[in-house]
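Comments concern the structure below.
Values in this text are rule-based calculations from the coordinates and carry no lab data. Quantities reported herein were computed from a predicted structural model and do not represent experimental measurements. Here the Cβ is made from the backbone with ideal geometry for all residues, glycine too, and neighbour counts use every protein chain on show.
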Amino acid sequence: MRFESPDTIEQAVELLNTCDGISRLLAGGTDVLVQLRLALVEPDLIVDIKNIAGMRNITAEDGGFRIGAAVSGAEMGEHEGLVALWPGVVEAMELVGSTQVQGRATLAGNLCNASPAADSVPAMVVANAVARIVGPNGTRDCPVIDIPVGPSKTSLAKGEVITSIYLPARPDNSGDAYLRFIPRTEMDIAVSSAGVNLTIDSAGVVTQAQVSLGAVAPTVLVVDDAAKAIIGTKLDDDAISALQAACSAACNPIDDKRGTVEFRTKTAGVMAKRAALIAYSRAGGSK
Amino acid sequence: MVTEYKEGSVGAELGQREFKVVGTRPPRPDGVDKVTGRALFGADLTAPGMLHATILRSPHAHAKIVSIDTSAALAMDGVKAVVTSDDFVKQGGSGNQDTLDNCMARGKVFYDGHAVVAVAATSVMVANAALKLIKVEYEILPHETDVDAAMLDSAPVLHAGRKFRNIPEGNNANVSGFWEFGHGDIDEGFAKADIIVERSFKTAATHQGYIEPHATLATMGPDGRGEIWVSTQGHYMVRDLSAAFVGMETSQLRVTAAEIGGGFGGKTTVYLEPVALALSKKSGRPVKMVMTREEVFRASGPTTSSSTDVKIGMTKDGRITAGQAKPRYQGGAYPNITAMLGAMTAFASYDLEAVQTQAWNVLTNRPKQAAYRAPGAPMAIYTVESVIDELCQKLDLDPIEVRLMNAAKKGTLSSYGPTFDEIGLVATLEAAKAHPHYAAPLGPNQGRGVSCGFWFNFAGNTSVSMGINEDGTVSVIEGNPDIGGSRASISMMAAEELGIPFDKVRTIVGDTNSIGFNDVTDGSRVTFSVGLATIKAARAAIQNMCGRAAQVWGIDADAVDWVDGAAVPTGHNAGEFPPMTLAEIAADSAKTGGPIAGHHEVNADGAGVSFGVHLVDVEVDPETGFTEIKRYTVFQDAGKAIHPDYVEGQMQGGAVQGIGWALNEEYIYGEDGKLQNAGFLDYRIPVASDLPMIDAVILEIPNPGHPYGVRGVGETGIVPPLAAVANGVSHAAGVRMSELPMSPPRILAAIDGAK
């Protein structure tokens, strides 16, 4: 096994592109190291991207923030501007693992691990987050929603590296939130989860919304019917019930040791309902 | 002269004794080592030329081993030795043979993870690579992991001819044990009842969950002498079994217990130790073995799972007229007696005219069960305490009043045979009833649960030795690994008896060659038995020191008393000479007859049973089935709390393990008989944020069997939480729960099912 820690993104891309065997990218390593220890994978090449310039920076850009691929969850949580702008994304990232894991785990890594239960992804999806990708054919931007294509599978081509995630500017009176269900209070994997992003007008009426669900399908689900159920409302009980029902109807989960189909379907709706209420409150709405 | 206590007749006086050291809370003697990382645990030792060994484990739940070909592995660079079951000595007794067969499968594999071949190599990586070159041909057999299904005639038979008790007719070959306890006319009892509740319960297998995986380092030289360093609850047990399995004399194997990172009963047997020793014997090099977490789950512990029918009759004012429980336990592929302990403990808290318990042990394709804190009792008492709660609910009676009305007390003929002596159940229930917790208001979706708990406590074979050092300090050697603070409590009892400060005493856990035999650290026996032996050893030393003073003063030895750490003349010599302190006597010992020491060896009994009562408030989220523990209070009889911090720690730790058992912990098997959650991610023990502070209330009802009144406290604490939490959840959710764990999907399904 080769371990490389290049100084430039071009070198990283070159290493990955010319590797004939199995390669793994290392940012925080909180998934890769677990896979190595469990002998789930024996890579021929590991490329550590932490030493590449910019990878550990959070930069203001056009009213939003660009988050380097090696920025840890703890660093995101300590960034006041980021927390103020996208609290739901930050809280989702901060749910990953434990305090120790937070010192290492990254947003880009959580995305590229392509777990259907990844906490940050539903939150990024409703935030319209965009991944910047550098590869053998240059640089491109891709919506976060299009990166995972199934459990442990991404749309990234050979040699491509996500270098940052961009969280855009947002209108005033907006709020986002993420909630997950786990059987205990931390250090667990979502059984079901939901992200909600919304904007309200001065009367407290929802003008735009996005709703996503995690852990209830092979990839994150965007539930347009749930968003429609609350747009034009003040999140009254009927609207909330309609959102919850739309979310449960959209679920396509599996039965496994972490939860039944029935349980996931029901709690996904409950998580979405509760997340919507938090997002509404963060947007300045009162009920 | 020392005033000898007459054990067994001093219950009343024990409560009156004024202690100077006992009952205080000095800093723990192993604390600095543990927080600085200096403590040496099982995996911390290395030796020159050391090899690392790993194990090839069965991927099947049940299969015949047709052949094993290790030639390619042995030929690999860096591989120094390979062992299979052929490399061990066949054992006489079936129990030891089972333990050996569990260490290394012989003929058949009985569960997913069963050890088949071990390889010692120059590194873990080389050893693991070599495992991949081993060819094992299996003939896969049908398997069964469920206790009730394994009792059916259609179930695959694991072993033929392993029924070790009188098994009633109609039971298949997987039923290896049957036990029956009770007294009175059960039918007459039920006829007197105004109301009878009959329910069936299930509990999942849970793992002891110690953080430190099994780890050992073994060496055996060409002279046939061996050494083992190991994380264990009993190094004499490791010595006896390992020596027997590799065919050496006990005296030639020295075993040293490492600092231990948790055991809870799970380290009362051997897994790696004989294997490492056999590999060292073959390779001539030290061999280290450390389990991965996955191996710990797949191949060590856990406790039994259970399925139980319970029937209890009650008068409308709350008197229990009859109780009947039929627990069926499975503890894996080898016979065990945990079900018997379940049958014995199920109704132990109650003074009953008619009681009957019948228990079955059933063999299944799961790992061989190991002891887990009060083995057998939590799941049996869970079923009884759940039904009593339901009866109280139906009759609108206070659950503590009903328990008080039926509580066992001194003179009660217990449900398992003996008549109780001084016991603390009533005092414990009264304390719970009077506690502010019991009167605190409950919020929406909240419920309060109550449960009693019981454990026998064991005593057993114990040796202690102490040296009185020339500088006036004392060195104590005990032979039981310290899993719950014994070095502190033993030092405290030695200091108390000798009349010197705690910090003048250091207690260590000696290796198997340093003192006489000791039973395993189990059954909550150590503070009781080792404490008793320590007090006796101190008295032997005191007698010797009184003799030295008498010699110096030129008076009779029996005219010298021991007061506050010094010899004093008594009788007509009183006041003739100033007190001679322990330090003064020790300093002159070379001139007065040589070194001063005390020792005591005993097969102790009189451990004194222990009772506890737990109160818990829970809140159940009706939309997700999530249970939050809002408040938890433990009341337990400690006899005499030597070091209250440790006693509270035992009570809190037991409660937390029981909460995990009640809410989320379970061994999950697939249709293929493979364990699906062999790790702490999906085997969910509670994390700190899951819990409130566990309040602990220590009751002290002295045990007449111990000079200071000590009862073991290590196990009772895990017994009540299962029912306490289940009763709380049942009230909060508005639906009676009868299967553990009460995971959110199960609770939500019950709530939705009741709508």
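Could you give me D for segment A:174-282, from Stokes-Einstein at 20 °C and 1.002 mPa s, where the hydrodynamic radius is the Kirkwood radius over C-alpha pairs? Units µm² s⁻¹, please.
Answer, rounded: 158 µm²/s.
In segment B:144-238, which GluC sites (Glu not before Pro) fall in coil by DSSP and have 13 or fewer other Cβ atoms within 10 Å?
B:GLU169
Over the alpha-carbon set of segment B:389-488, work out the extent along each principal axis and list the three values in angstrom, largest first.
67, 38, 21
Rounded to the nearest 0.05, what FRET efficiency is calculated for A:VAL83 and B:ASP672 with R0 set to 60 Å and r the Cβ-Cβ distance?
For R0 = 60 Å, the calculated efficiency reads 0.85.
Output the DSSP H helices from chain B with an along-axis C-alpha extent of no less than 18 Å and a mean Kyte-Doolittle hydropathy no less than 0.0.
Flagged H segments are B:377-395, B:526-553.
Please list the radius of gyration and Dmax for segment B:555-603, considering alpha-carbon atoms only, with Å as the unit.
Cα only, segment B:555-603: 12.8, 41 Å (Rg, Dmax).
Output the DSSP H helices from chain A with an along-axis C-alpha extent of no less than 15 Å and a mean Kyte-Doolittle hydropathy no less than 0.5.
Helix filter hits for chain A: A:237-250.
Of the GluC sites (Glu not before Pro) in segment B:230-296, which ones lie in a loop per DSSP and count no more than 12 other C-beta atoms within 10 Å?
Those that pass, being in a loop and sparsely packed, are B:GLU249.
Once you wrap a convex hull around the alpha carbon atoms of chain A, what is its projected area averaged over all directions, in nm²?
The orientation-averaged projected area of the Cα hull of chain A comes to 14.4 nm².
Among B:THR304, B:THR46, B:THR269, which comes first, then next, by fewest other beta-carbon atoms within 10 Å?
The most exposed by this proxy come first: B:THR46, B:THR269, B:THR304.
Calculate the spin-label point distance for A:ASP44 paired with B:ARG17, positioning each point 7 Å from the Cα along the beta-carbon direction, and give it in nanometres.
Going from the B:ARG17 label point to the A:ASP44 one covers 7.4 nm.
So, in nm, how far is label A:SER281 from label B:GLU470 when the simple model puts each one 7 Å beyond its Cα toward the Cβ?
Between A:SER281 and B:GLU470, the simple spin-label model gives 7.3 nm.
A:ALA249 label point, 7 Å along Cα→Cβ, cut-off 19 Å on backbone N: hits in segment A:270-287?
From segment A:270-287, the list is A:270-274, A:276.
Dividing the Cα convex hull volume of segment B:198-339 by residue count, how many Å³ per residue is that?
Once divided by residue count, the hull of segment B:198-339 is 144 Å³.
Please quote Rg/Rh for segment B:524-657 to two decimal places, taking the Kirkwood radius as Rh and restricting both calculations to Cα atoms.
Rg divided by Rh gives 1.28.
How many percent of the alpha carbon pairs in chain B exceed a separation of 38 Å?
42
Please identify every one of the trypsin sites (Lys or Arg not before Pro) in segment B:372-434 that sits in a loop by DSSP and has no more than 15 other beta carbons within 10 Å of its own beta carbon.
Passing both the DSSP loop test and the Cβ count: B:LYS409, B:LYS410.
Calculate, for B:ASP645 and B:GLU137, the FRET efficiency according to 1/(1 + (r/R0)^6) with r their C-beta to C-beta distance and R0 56 Å; round to the nearest 0.05.
It comes to 0.50.
Which FRET efficiency, nearest 0.05, do A:ASP62 and A:LYS153 yield, Cβ-Cβ r, R0 25 Å?
After rounding, the FRET efficiency stands at 0.20.
More than 13 Å apart: what percent of Cα pairs in segment B:491-547 qualify?
The share of Cα pairs beyond 13 Å in segment B:491-547 comes to 67 percent.
Suppose only helical runs count, i.e. DSSP H with n ≥ 4. What mean residue ellipticity at 222 nm does that imply for chain B under -39500 (n - 2.57) per run, divided by all residues and rounded to the nearest 500 deg cm²/dmol?
-8500 deg cm²/dmol
Taking every pair of Cα atoms in segment B:1-156, average 1/r, invert it to obtain the Kirkwood radius, and report Rg/Rh to two decimals.
Rounded to two decimals, Rg/Rh equals 1.23.
May I ask you to work out the translational diffusion coefficient for segment A:51-167 at 4 °C, viscosity 1.567 mPa s, via Stokes-Einstein with Rh from the Kirkwood sum over Cα pairs, reported in whole µm²/s?
92
Only bridges with both residues in segment B:112-265 count here: give the DSSP antiparallel percent, nearest 5.
Around 50 percent antiparallel, to the nearest 5.
Where the centre of each part is set by its Cα atoms, how far does segment B:455-485 sit from segment A:121-164, in angstrom?
The distance from the Cα centre of segment B:455-485 to that of segment A:121-164 comes to 63 Å.
Tell me, how many Å apart are the Cα centres for segment A:187-236 and for segment B:729-745?
Centre-to-centre distance over Cα atoms comes out at 31 Å.
Could you compute Rg(Cα) / (2.2 N^0.38 Å) for the protein assembly as shown, with N its residue count?
Compactness ratio reported: 1.04.
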